[in-house]
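None of the figures in this text is laboratory data; all of them are computed from the coordinates on show. All values derive from a computational prediction rather than experimental measurement. FYI the Cβ positions are ideal-geometry reconstructions off the backbone, even for glycines, and counts take in every protein chain you see.
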């Protein structure tokens, strides 16, 4: 319980910020798994693995920058 005058933590912002740390690794893992699956299925090792890993990194970075920009824009001036 917080005292009457103390500010309450904003759990929604905390959840958004904690999910930012998972954006890049999860995108890379999806690219790795998808590339590995396609390479085994089509017999094109290691080319599709490399392509989809690079796509995962690019996608993860774009998502990371978009989330950080959104957080910065939504941040109140007094924070």
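Below, the figures for the structure above:
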| read-out | value |
| --- | --- |
| Where labels lie 7 Å past Cα in the beta-carbon direction, separation of residue 41 and residue 13 in nm | 4.4 nm |
| Relative contact order computed over segment 22-71 (Cα-Cα under 8 Å; 6+ residues apart), in percent | 45 percent |
| Neighbour-count order for 23, 64, fewest beta carbons within 10 angstrom listed first | 64, 23 |
| Residue-averaged [θ]222 nm for the chain, counting only DSSP H segments that reach four residues, each worth -39500 (n - 2.57) | -27500 deg cm²/dmol |
| With Cα atoms, 0 to 90° folded angle of helix 11-42 axis to the chain main axis | 0 degrees |
| Order of 36, 44, 53 - criterion: other Cβ atoms within 10 Å of each residue's Cβ, fewest first | 44, 36, 53 |
| Helix 47-74 axis, angle to the chain major axis (alpha carbon atoms, nearest 10°) | 10 degrees |
